[in-house]
Every structure is written in structure tokens, then in C-alpha cells.
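Worksheet: the structure to be examined is printed underneath.
The values are calculated or read from the model by the stated rules, or taken from the named source; none is laboratory data. Quantities reported herein were computed from a predicted structural model and do not represent experimental measurements. Neighbour counts run over all protein chains shown; Cβ positions are idealised from the backbone, glycine included. What goes into the accessible areas is simple: the full protein's heavy atoms, side chains included, and nothing from ligands, DNA or RNA. Shrake-Rupley method; radii C 1.70, N 1.55, O 1.52, S 1.80 Å.
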Amino acid sequence: MRILLGVAALACFCMVHIIKLMRMYLIIMDRKISFDRYVPAYLRATLVNLVIPYKLGEIYRVGVFSHVLGGFRTGFFSVLIDRFFDTLALVMILLPYQMFISKNITPPTVLLTVFEVVVLLAYRIFPPSYEFLNRYIITSKESKRSMMALSAIEHVNGWYEYVRGLVKGRYGILMLFSLAAWILEIAVLALFYRLCGQDFGVSDFGLYIESIVSGASYETRRLYTIVSATVIALFTLAFTIRYLLLTRKKKDNRQEW
């Protein structure tokens, strides 16, 4: 029975990360990055994110994807969009439960909800604000300060258009991927708790999320993190070696020509 639970937990765990991997790839697919190069980079960033508390591993993720995609702007906004949809799906699961069932909205849930609202408002408010400010500055008295302000909002508009291009036509798929990943994550945690001989409920999932945000730890979560990091580390090693071998093979083939 424990073997079956372990196999089921591993299968669900792999599915979670395959979905998350595909979600991120969907965001950056226009950059035409090879899958052989992308997968080790994703796994490496995921491993660091598991090991470093307070989600500070996201800074490393930005660095990894900035390098892989050839620019800080691309890496930063790709990670931000991925995090936005991941967090939105999580809030959609946690907030209704805490509002109507547990009757206790935790600080991390409030923090995540505020993050989502701020990002959504900024995305929706910027276009009309840009048009107004652009028209106002152009028609106002020309000065060095007004030209600097115009240049600044043009830069911000460039960022907005870039983000809009990354998500255009992909909202629904990104949202479905995010919801599916979190539902499977709950299944993985439930199976892992069973393996540890413990019961699991949505309140335990809320505790798990709260511990990630706050950096707090408890025995089951610590064990789950160790197991998760070990599995991801093995996959990272395997796909990195595969990528290096493929790169070397391509280099040898070019030299033969």
C-alpha cells in the first residue's frame, strides 16, 4: 500500500512540474528557445526556489531566464507573469475556503490577494493613464522636465506592450495550467501526508502555503521539501548532462563539416 502511495505521489509530483514547465514555456515560446536548453534551466531555477526560503529563489529565476532568453526585461517579465497566474489560481482556491468554510483569512492569503489586485489594477489602469499623460505633456509647455517625463512614460508603455504581447491570447490556457497544477499539488500533499501516517485537509494546505510565505517550518513540510528537492535535483542533473552531451555532439558535427 505504501509503495502504491509513493508511486502515485511521485507521478502527481511529476505532473505538477510538467504543467508548470509548460506554463512557463507558453509564456516564452515566442523567443524560440530550444526545449533542450529550457528544461535544465527551469529545473535549476525550481531547485533553488525549493531550497531558499521566503520565495527569494524568484530572484535567481529572473537571473536564469534573463541569461537564457538574452535580456533582463524578458526574464523579469516572464517570471512575473508566471508568478501572477500561479498566485491567482492559488488565491482562487484559498480565499473562498477561508472566507466561507474556515472563517479565518490568513495574513499570507491577504498578502497574495493584494499582490494580485495591485498587478491587475496596474495592467488595466495604465493604457488610459498613458494616453492622458502623453497628450497632456505634448500639449503643455515644452521643457526639459516634460521631455524627461515623456521619455519615462514611453519606456513604461514599452514594458506594458511587451507584457501584453507575452500574454495575448494565452490567458485561458495559463489559468487552466495554474489551476491544474495547484489541484495536483494538493493531491501530492495529501498522498505525502498519508505516507507519513497523517490526515490531510484544506486547512493543512493553507498551513503549508502560509509556511512558504512566512518561512516557518514544521516536520512534515521540512520532510516534503527535502524529498521534493531531491527529486528535482536528480532530474536537473539528468537533463543538464543530456543538454551538455547534445551540445558537444552538435559542436563535433560542425567541426566535421
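Observations, loosely collected:
- Computed from point charges on the beta carbon alone (+1 for Lys and Arg, -1 for Asp and Glu), the dipole magnitude for the range 132-183 about its Cα centre is near 100 Debye.
- In sequence order, calculated HN-Hα J values of the range 229-234 (Karplus, 6.51, -1.76, 1.60; Hz; x Gly/Pro): 4, 5, 4, 5, 4, 5
- His17, His155, reordered so the largest accessible area comes first (probe 1.4 Å): His155, His17
- Karplus-based coupling profile of the range 112-124, in residue order and whole Hz: 5, 5, 4, 4, 5, 5, 4, 5, 5, 4, 4, 5, 7, with θ = phi - 60° in 6.51 cos²θ - 1.76 cosθ + 1.60 and x standing for Gly or Pro.
- For the range 1-123, a Kirkwood radius taken over Cα pairs fed into Stokes-Einstein (20 °C, viscosity 1.002 mPa s) yields D = 132 µm²/s.
- The chain: most fluctuating residue of Ala45, Ala122, Ala187 per GNM, C-alpha cutoff 10 Å: Ala122
- For the chain, relative contact order (Cα pairs under 8 Å, six or more residues apart, normalised by length) works out to 35 percent.
- Ranking of Leu244, Leu26 by solvent-accessible surface, largest first: Leu244, Leu26 (1.4 Å probe, protein heavy atoms only, all chains present).
- Solvent exposure of Tyr243, expressed as accessible area, is near 70 Å², computed with a probe of 1.4 Å over the protein chains only.
- Nearest-10 value in Å² for the accessible area of Val188, using the 1.4 Å probe: 10 Å²
- The C-alpha atoms of the range 6-47 occupy a region whose extents along the principal axes are 37, 17, 14 Å, arranged from largest to smallest.
- GNM remark for the chain: springs join alpha carbons under 10 Å apart, and the peak mean-square fluctuation among Asp204, Asp86, Asp30 falls on Asp30.
- Cα-Cα over 30 Å, subset of Lys20/Lys168; Lys168/Lys250; Lys168/Lys249: Lys168/Lys250; Lys168/Lys249
- Listed residues Lys250, Lys20 arranged by accessible area, highest first, probe 1.4 Å: Lys250, Lys20
- Sparse-neighbour loop sites [chymotrypsin sites (Phe, Trp or Tyr not before Pro); the range 40-108; at most 16 other C-beta within 10 Å; DSSP]: Tyr54
- For the range 27-175, the relative contact order comes to 19 percent (Cα pairs under 8 Å, sequence separation of at least 6).
- Share of alpha-carbon pairs per 5 Å distance bin for the chain, given as whole %: 1, 5, 10, 14, 16, 15, 12, 9, 7, 5, 3, 2, 1, 0, 0, 0
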